[in-house]
Structure formats: structure tokens, C-alpha cells
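Novice: Have a look at this one before I ask anything.
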Number of protein chains: 2
Amino acid sequence: MKPKKRTTIYDIAEKLNITASSVSRALNNSNHVNEETKKLILKTAAELNYKRNVLASNLRKGQTKTIGVVVPRINQNFFSNVIAGIEETTYSKNFNLIICQSNESHEKEIKCINALINQHVDCIVISVAIEGTDYSHLQNVIDHGIQLIQFDRVADEIETLKVINDNEQATFEAITHLIDQGYKRIALLEGPQTLNIFRQRKEGYLKALNKHKIPVIDELIIENAWTKELGAEATRKLLSLPEPPDAIFASTSDFSALGVLEVATSMGFKVPTELGILGYANEPFTELTSPSITTIDQFSQYMGKTIANLYFQESENKDTTVVPRTISVKPKLIVRASTSRK
Amino acid sequence: MKPKKRTTIYDIAEKLNITASSVSRALNNSNHVNEETKKLILKTAAELNYKRNVLASNLRKGQTKTIGVVVPRINQNFFSNVIAGIEETTYSKNFNLIICQSNESHEKEIKCINALINQHVDCIVISVAIEGTDYSHLQNVIDHGIQLIQFDRVADEIETLKVINDNEQATFEAITHLIDQGYKRIALLEGPQTLNIFRQRKEGYLKALNKHKIPVIDELIIENAWTKELGAEATRKLLSLPEPPDAIFASTSDFSALGVLEVATSMGFKVPTELGILGYANEPFTELTSPSITTIDQFSQYMGKTIANLYFQESENKDTTVVPRTISVKPKLIVRASTSRK
DNA sequence: ATAATTTAAGCAATCGATTGCAGGTTTGAA
DNA sequence: TTCAAACCTGCAATCGATTGCTTAAATTAT
């Protein structure tokens with residue numbers, strides 16, 4: 001690579017026989033520069049193909065106009081939609097986004113966070129990995145004076161702005177729907193209980209059963225079934241029980257629900273008549289399976305926009321300190337064929 | 001937000017009564033520092049929760065260890081997989097990724113590129129938007145001495161490193177497969193011919209027909225059918241013809257093929273017996289539709305890794321200038337139910 | 001015509017880390 | 001014992017943009 005020398009404000013200054021200060025002021029549209037010279041500077045800058053060195057600028061200003069986002073997986077529909085939502089707002093505010101994925105690894109999550117702190121981003125938005133129970137790296141973000149916003153999967157004990165789904169309520173409604181459809185033995189595939197979202201979903205499940213006086217059967221609750229493969233495995237076990245369930249709620253994801261559907265089909269269970277299936281997240285594919293899968297939409301893009309707006313609101317009133325608070329978005333049950341037997 | 005003062009090397013230096021130079025050297029593990037002091041410095045740095053200011057460091061070094069990626073859409077399977085592939089390599093090399101999406105808008109693509117130039121990224125990886133025919137913004141990247149790597153959708157006239165699919169060959173094989181299955185009137189949904197990939201796919205289509213002496217019928221070639229909606233619309237038109245096609249190749253994407261499938265099904269055409277459907281990109285959902293959709297896999301993650309490796313190879317031999325060249329990855333036909341009628 | 005004010009532009013320090021050069025000390029070889 | 005090599009460490013400049021302060025010039029008010 002040719003080490004092409006880039007144009008700096010000094011080059012422009014030299015060419016016009018003025019100082020870099022004036023060039024800088026002109027480029028920042030300060031009104032402490034003569035209109036004529038300003039025009040001349042702008043014109044020369046364009047001619048020389050000048051591009052501001054943001055490194056220098058940011059170093060001086062102590063602000064990078066950059067938001068870092070850490071998600072478990074970029075290519076999971078929910079997360080990519082949240083990112084799209086964030087981007088919509090940040091783009092209009094001329095902010096940059098640095099996107100990192102933790103791949104569900106705690107160790108990598110920490111590395112990402114540290115990289116973002118090093119980068120002096122103005123804000124970090126995170127949904128934590130499945131792994132890990134220690135969140136001192138998040139505290140560290142705060143200690144460095146960086147605004148932290150958690151979403152979806154949040155560490156309760158770290159007090160920050162949080163944007164979450166009302167998982168419990170959504171699950172409650174979903175299970176109620178299953179009961180309405182006449183399902184009586186409803187199994188739950190649960191995610192790691194270290195994560196708030198999975199605890200809340202379980203809670204919604206239990207409350208719905210309780211309300212309808214349906215007994216909670218331990219063998220119908222399967223831990224850690226949060227991938228397609230684990231969902232499939234769990235289903236194989238469940239459907240081989242002497243008294244198998246007549247519905248399975250894959251509380252962790254639609255991927256898990258997909259695993260359920262495939263195993264159920266291959267084992268000859270008719271969906272939805274003999275087995276109801278309910279997923280979570282409204283991945284696009286849930287519409288395409290046969291039968292299509294009932295699921296819960298999280299308004300992911302809207303969540304992203306909410307997150308970004310929250311940041312800009314807060315950063316505007318610098319004087320007052322940030323009050324940790326939680327914004328809860330109510331998800332929506334999307335009823336499809338896999339649970340419609342009436 | 002509290003404007004917490006961050007620890008700098010000067011703070012460490014002051015505390016230990018040495019100079020910042022030594023601290024810097026110790027932190028960079030230079031061997032020009034006494035082992036004992038080095039240890040002491042590292043210990044103190046950890047105690048003070050020191051985080052290197054990459055802005056300052058990069059400014060000084062003129063290198064950011066950051067690669068910028070510009071894609072039309074982050075949440076399209078092909079692109080998110082390429083990104084995942086890139087990330088795998090860059091992560092291991094301790095490089096950062098800044099990901100931008102153009103949303104298929106030329107104007108936004110230019111803004112992204114300029115933002116990345118401002119950020120002084122070391123390399124820009126891009127797959128261009130559907131919109132646009134002027135690629136001076138890419139030339140501009142090169143003029144700023146930034147390594148540019150194009151992939152998939154490339155601007156032929158800009159000489160850079162390129163990583164592409166052999167679209168023509170892949171299409172040729174796909175169409176040959178259709179012919180083998182006995183399809184005779186094969187329609188083509190083509191993408192904007194401004195993009196190389198769509199031109200190549202059309203070329204493969206034409207060559208395959210020619211080779212088998214099948215006449216090319218103009219009314220079976222539909223321009224600009226590159227979204228699900230446009231694919232659906234095109235299909236409605238095609239299947240209403242006096243002599244409708246018996247197969248449709250959605251050369252633009254699986255989304256388009258999905259539109260074809262939905263319309264065909266709703267119009268009562270049996271797939272694959274009465275109508276064969278072929279997509280492009282091997283989106284995960286193609287496996288889930290009924291019938292499942294035959295498509296072409298592009299080894300997207302592998303492409304991503306190839307791109308990143310290419311960059312690191314090139315950056316290692318700084319002395320020699322980069323020779324523009326093209327690496328072609330051969331995609332693979334995935335035969336599924338939607339074209340299997342034998 | 002002179003003082004007061006406004007406007008324009010320069011000077012120089014600053015952000016934090018890096019690094020070539022130089023000075024000083026220690027070690028080892030002759 | 002003397003000199004060279006090896007090893008540490010400090011000094012000061014540098015990366016490029018920004019900005020408070022100052023000075024000079026131009027404009028307005030008195």
C-alpha cells in the first residue's frame with residue numbers, strides 16, 4: 001500500500017497563507033471567520049480532497065460521536081433488527097456505529113467491551129451473552145464515564161438505562177392462548193436461568209398455569225434447550241414419555257421451536273392437533289414452515305429506535321445525572337397454524 | 001454523564017516517578033524497559049484501571065487496526081455470513097470492524113465510505129448497492145491510500161482486489177439441472193443489469209439454453225424482479241401468459257423465489273411438477289418452505305474469511321504494491337424439492 | 001477626530017501515546 | 001584498569017485538529 005500523504009488543515013493553511021486555526025474554524029462553520037475566506041477555504045479543501053482526521057478531532061474534543069453495540073449474534077433476526085433500528089436514528093444524527101458480536105461467549109464479550117472503551121465510544125449498547133454471571137465489565141463501562149444502555153438480556157444488578165420486553169406478560173398471554181385452544185399438558189423448554197429474560201418467561205408460564213389451576217409437572221420443564229439441536233433433543237425426550245405433552249412452548253427462540261417441529265413431524269405427531277408448538281421472536285421463517293409457527297413478536301426494530309432515542313435524550317441534558325430506569329416494550333402474540341386447533 | 005477523568009500514562013508515570021515514555025514502552029512490551037519496572041508499571045496500570053486511548057495511539061501511529069465493511073443490508077443472510085467470516089479472522093488478529101449498511105442507497109453508500117475514510121480505517125471492504133453507476137467514491141478510497149477490497153457486487157472498472165462468486169458457471173449448472181429435469185420453458189427473473197452479478201447470471205442462463213438449443217424467449221425474461229414483492233408480481237404476469245413457463249429461475253435472490261412460490265401455490269400451480277422454482281443464495285428459509293427450494297450456495301462465510309486473509313497477506317508485504325486481482329469462489333447448486341420431478 | 005466596539009486572524013497550548021535520539025549506568029571483555 | 005557494548009531512561013518532537021487568549025484591523029459611536 002502506498003503511504004499516500006493525506007491533506008491536513010496545515011496543507012490548506014499553507015496554500016492560502018493563513019493559519020490552521022482559521023481553516024479549522026472555517027471547516028467547523030464558526031462565525032469567527034470572514035465569509036470570503038471561509039468560502040475560499042471550503043473550496044480549497046474540496047480541491048485538495050481534504051478529509052477531516054477524526055482521530056485527531058476526537059482526541060482533542062474528547063467525544064467520538066460513536067456508539068458501540070455488543071450483541072450475541074449479528075445474524076439473528078431479533079438482533080439485526082434492533083441494530084437496524086438503532087442505526088436509523090444514529091445515522092440521522094451523524095453518529096457512527098461499531099458493532100461487535102460476543103458469539104455468546106463471556107470472554108469475548110469482555111474483550112469487545114474493552115475494545116469499545118479503548119475506542120472512547122460515547123455510549124455502549126449491550127445485550128449480554130448466555131454465558132457468564134459476573135458483570136463487572138459492565139460496571140467498568142460506567143466507571144469510565146461511558147453511557148451504558150442494556151436491552152433485552154440485561155444484568156439486573158447493574159443499574160443503567162434498560163430497554164426490555166415484558167417477557168412475563170407476553171408469555172402469560174401465549175400460554176393462556178394455548179389453554180384456550182384446549183391444550184392441557186404444556187411443556188416448557190427453558191433457557192439458562194442466569195438470564196433475566198428466561199426467568200421472566202418461566203414466571204409467565206407458571207403464572208398462567210396457576211391461574212387456570214393446571215398443575216405444574218416437573219418432567220415437562222426442560223432446562224437449557226435454547227438451540228435448534230437442543231430443542232430437538234428435548235422434544236425427543238418429551239414425546240417419548242409415557243404421558244407426552246400436548247403442547248410445547250419453546251420459550252428460548254424460534255430456532256428451538258423449529259427443532260421441536262422437525263422432531264414432532266418425524267415422530268409422526270400431528271401439529272397442531274396432537275401437539276401445539278409455540279416459539280419466541282417471530283423469526284421470518286416461522287411463517288414459512290408447515291405448519292407455520294405461532295410465536296411472539298418483540299418489535300425489535302422499534303426497540304432499537306427506542307434505545308437510540310433514549311441515548312440522545314439523555315445526552316442533551318448533561319447537567320442532570322442519568323436516572324437508571326427501565327423501558328418495557330410489550331411484545332405481541334402472533335397466532336399461526338401450529339397452535340390453531342379450534 | 002459524569003465526565004470522569006480517565007487514567008493516562010502520565011498518571012501512571014507520575015505515581016511511579018518515572019516518565020510517560022517508559023510507561024508507554026512497558027505497555028507495549030518493549031524490551032527497552034527493565035523487567036522490574038515493567039512489572040510495576042503493568043501492576044499500577046491495572047490498579048488504576050488504565051485503558052489505552054486508542055485515538056491518541058492511532059493518531060500517532062497512523063494505523064487504526066480497523067476494517068470498515070459496507071454492505072447493502074446487514075440482515076441479509078449472505079452478507080451477515082460474509083461479515084461473520086471476516087470477523088472470525090479479524091478478531092484473531094485483534095482488528096476492529098466497523099460495519100455500515102447502505103440500504104441499497106447510493107447516496108448513503110457514499111456517506112458511509114466518507115465516514116470510514118474520516119475514521120482512517122486501514123481497509124474498506126464493500127459490496128456495492130443496487131443503485132448507482134458512478135464509482136468515484138471507491139476511487140477516492142484508493143486515493144486516500146486505503147486498501148479497498150470489493151466482493152460479490154463489484155464495480156468492474158475500479159481496479160482492486162476482488163472476491164467474487166463464479167455466477168455465470170453456477171447459473172449455467174443450475175439451468176442445466178432444470179433442463180435435465182425436463183423443464184423446457186424456463187423463465188428468468190433478472191436483477192438490475194448495472195450490477196455485474198446479475199449480468200453474469202443472465203449470461204449463464206443464456207449460455208445454458210444455447211448449449212441445449214433451447215430458444216430464448218423474450219417474454220420469459222423479466223427485468224428487475226429482485227425482491228419478494230417484485231418476484232411475486234413477475235410470477236403473476238408469467239403464469240397468466242397463454243403459454244406460461246414450466247420453470248422460473250429467480251436469479252436475484254431466494255426472497256424473489258419465495259414470492260414466486262407463494263404466487264404459484266395460490267394460483268394452483270403444482271411445484272415442482274407443473275412449475276420448477278430455483279432461487280439464489282441458500283437463505284436458511286429455503287429449506288423450510290414446502291416444497292423446499294432448490295438454490296445456490298455461495299459459501300458466504302468462506303468468502304468472508306478469504307477477504308480478511310487477503311487483506312492480511314497484502315498488508316504484510318508493504319514493499320510491493322498491490323496487484324489488483326480477482327479471486328473467484330465456485331458456488332454450489334443445492335437441489336431440493338422445488339425442482340425435483342424425476 | 002477619538003474612543004469604544006466589533007470582527008478577523010494568529011499564537012500557542014492541548015488532547016494522550018509513541019519514538020528517535022541522547023545521556024547515563026551497568027556489565028563484560030580485553 | 002580501561003574501553004566498548006548493552007541496557008535503561010529521559011527529553012522533546014510528533015500525529016492533526018481544536019480553542020482560549022491576544023493582537024490587529026475595521027467599524028461604529030460619541
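The values are calculated or read from the model by the stated rules, or taken from the named source; none is laboratory data. The model shown is predicted, which means the values in this text are computed figures rather than measured ones. Positions of Cβ are generated from backbone atoms using ideal geometry, with glycine treated the same way; all protein chains shown enter the neighbour counts. For accessibility, only protein heavy atoms count, side chains too; no ligands or nucleic acids. Shrake-Rupley method; radii C 1.70, N 1.55, O 1.52, S 1.80 Å.
Novice: Please figure out what share of the DSSP beta bridges in chain A is antiparallel and state it in percent, rounded to the nearest 5.
Specialist: 10 percent
Novice: To continue, here is another question. Which lysines, if any, have their Cα less than 24 Å from the Cα of A:LYS184, not counting same-chain residues under 8 positions apart?
Specialist: In chain and number order, the partners are A:LYS202, A:LYS207, A:LYS211, A:LYS213, A:LYS237, A:LYS270, A:LYS332, A:LYS342.
Novice: Among the aspartates and glutamates, which fall within straight-line cross-link reach of B:LYS15, defined as a Cα-Cα distance under 17 Å, with same-chain neighbours fewer than 8 residues apart omitted?
Specialist: B:GLU36, B:GLU47
Novice: In nanometres, what is the gap between the two model label sites at B:THR37 and B:LYS342, each 7 Å from Cα along Cα-to-Cβ?
Specialist: 7.8 nm
Novice: Work out the mean other chain Cβ neighbour count within 10 Å for the residues of B:109-115 and drop it here as an integer.
Specialist: Taking all residues of B:109-115 together, the mean is 2.
Novice: Percent antiparallel among DSSP beta bridges with both residues in the protein assembly as shown, to the nearest 5?
Specialist: 10 percent
Novice: On C-alpha positions alone, give me the angle between the axis of helix B:300-316 and the longest principal axis of chain B, in degrees, nearest 10.
Specialist: Approximately 40 degrees, to the nearest ten.
Novice: Could you state the angle between the C-alpha long axis of helix B:35-47 and the longest principal axis of the C-alpha atoms of chain B, as a value from 0 to 90 degrees rounded to the nearest 10?
Specialist: 70 degrees
Novice: Run the lone-cysteine check on chain A: no other Cys C-beta under 4.7 Å from the residue's C-beta.
Specialist: Cys with no partner Cβ under 4.7 Å: A:CYS123.
Novice: Next question. If you fit an axis through the alpha-carbon atoms of helix A:228-239 and take the longest principal axis of the Cα set of chain A, what angle between them do you get, 0 to 90°, nearest 10?
Specialist: 10 degrees
Novice: Calculate the spin-label point distance for A:GLU107 paired with B:LYS61, positioning each point 7 Å from the Cα along the beta-carbon direction, and give it in nanometres.
Specialist: Simple spin-label model gives 2.3 nm for this pair.
Novice: Classify the protein assembly as shown: rounded, prolate or oblate, from the alpha-carbon gyration tensor (a ≥ b ≥ c, eigenvalue square roots; a/c under 1.5 rounded; otherwise prolate if a/b is larger than b/c)?
Specialist: The shape class here is oblate.
Novice: Rounded to the nearest 20 Debye, what is the dipole magnitude of chain B about its Cα centre when Lys and Arg each give +1 and Asp and Glu each give -1 at the C-beta?
Specialist: The calculated dipole for chain B is roughly 1320 debye.
Novice: Which peptide among B:135-143, B:306-314 comes first, and what is the full order, when sorted by highest mean count of other Cβ atoms within 10 Å?
Specialist: Working: B:135-143: 18.0, B:306-314: 19.8.
Per-residue Cβ counts within 10 Å, averaged per peptide and sorted highest first, yield B:306-314, B:135-143.
Novice: Determine the relative contact order of the range B:134-204: mean sequence separation of Cα pairs under 8 Å and six or more apart, normalised by residue count, in whole percent.
Specialist: 32 percent
Novice: Moving on. Provide the per-residue ³J(HN,Hα) series for the range A:217-223, in order, calculated from phi with Karplus coefficients 6.51, -1.76, 1.60 and θ = phi - 60°, each as a whole number of Hz, with x at glycine and proline positions.
Specialist: Each residue of the range A:217-223 in turn: 9, 4, 6, 8, 10, 10, 6 Hz.
Novice: Could you tell me how far the Cα centroid of the range A:89-125 sits from the Cα centroid of the range B:281-317, in Å?
Specialist: Here the two parts' Cα centres lie 25 Å apart.
Novice: Here is a follow-up. I'd like the mean, over residues of B:90-102, of how many other protein chain beta carbons sit within 10 Å of each residue's own Cβ.
Specialist: Rounded to a whole number, the mean comes out at 4.
Novice: Between the DSSP loop rule and a limit of at most 13 other Cβ atoms within 10 Å, which trypsin sites (Lys or Arg not before Pro) in the range B:299-328 are left?
Specialist: Sparse-neighbourhood loop trypsin sites (Lys or Arg not before Pro): B:LYS318, B:ARG325.
Novice: Leaving out ligands and nucleic acids, note down the accessible area per residue over the range B:9-52 with a 1.4 angstrom probe, in whole Å².
Specialist: Working: 2980 Å² over 44 residues.
Ligands and nucleic acids excluded, the result is 68 Å² per residue.
Novice: Calculate I(q)/I(0) for the range A:205-342 by the Debye formula, one identical point scatterer on each C-alpha and no solvent, and give its log10 at q = 0.14, 0.18 Å⁻¹ to two decimals.
Specialist: Log10 I(q)/I(0), no solvent term: -0.70, -0.99.
Novice: Now for a different question. Projecting each Cα onto the charge dipole of the range B:202-342 (Lys/Arg +1, Asp/Glu -1 at the beta carbon, about the Cα centre), which of B:LEU238, B:SER256, B:PRO331 comes out farthest on the positive side?
Specialist: Result: B:PRO331, furthest along the dipole toward the positive end.
Novice: Which distances in nm, rounded to one decimal and ordered from shortest, link the label point of A:TYR10 to the equivalent label points in the other identical copies, with labels set 7 Å from Cα toward Cβ?
Specialist: 2.1
Novice: Quick one: if you take sqrt(5λ) for each eigenvalue of the C-alpha gyration tensor of the range A:98-201, what semi-axes come out, biggest first, whole angstrom?
Specialist: Working: eigenvalues 220, 36, 22 Å².
They are 33, 13, 10 Å, listed from largest to smallest.
Novice: On the accessible surface of the range A:9-52, probed at 1.4 Å, how many percent belong to carbon and sulfur atoms?
Specialist: With neighbouring chains kept in place, the figure for the range A:9-52 is 47 percent.
Novice: I would also like to ask the following. Using only DSSP helix segments of four residues or longer, with each worth -39500 (n - 2.57), what per-residue ellipticity at 222 nm results for chain A after dividing by its residue count and rounding to 500?
Specialist: -13500 deg cm²/dmol
Novice: Roughly how crowded by other chains is peptide A:41-51, in terms of the mean Cβ count from those chains within 10 Å of each of its Cβ atoms?
Specialist: Whole-number average of other-chain Cβ neighbours for A:41-51 is 1.
Novice: Dipole size in debye (nearest 20) for the range B:9-52 around its Cα centre, Lys and Arg Cβ +1, Asp and Glu Cβ -1?
Specialist: The dipole magnitude comes to about 140 debye.
Novice: Give the interface area between chains A and B as buried accessible surface, both sides summed, probe 1.4 Å, in Å² to the nearest 100.
Specialist: Adding both sides of the contact gives about 5100 Å².
Novice: Seen from all sides and averaged, what is the projected area of the convex hull of the Cα atoms in the range B:9-52, in nm²?
Specialist: Convex hull of Cα atoms, orientation-averaged projection: 2.5 nm².
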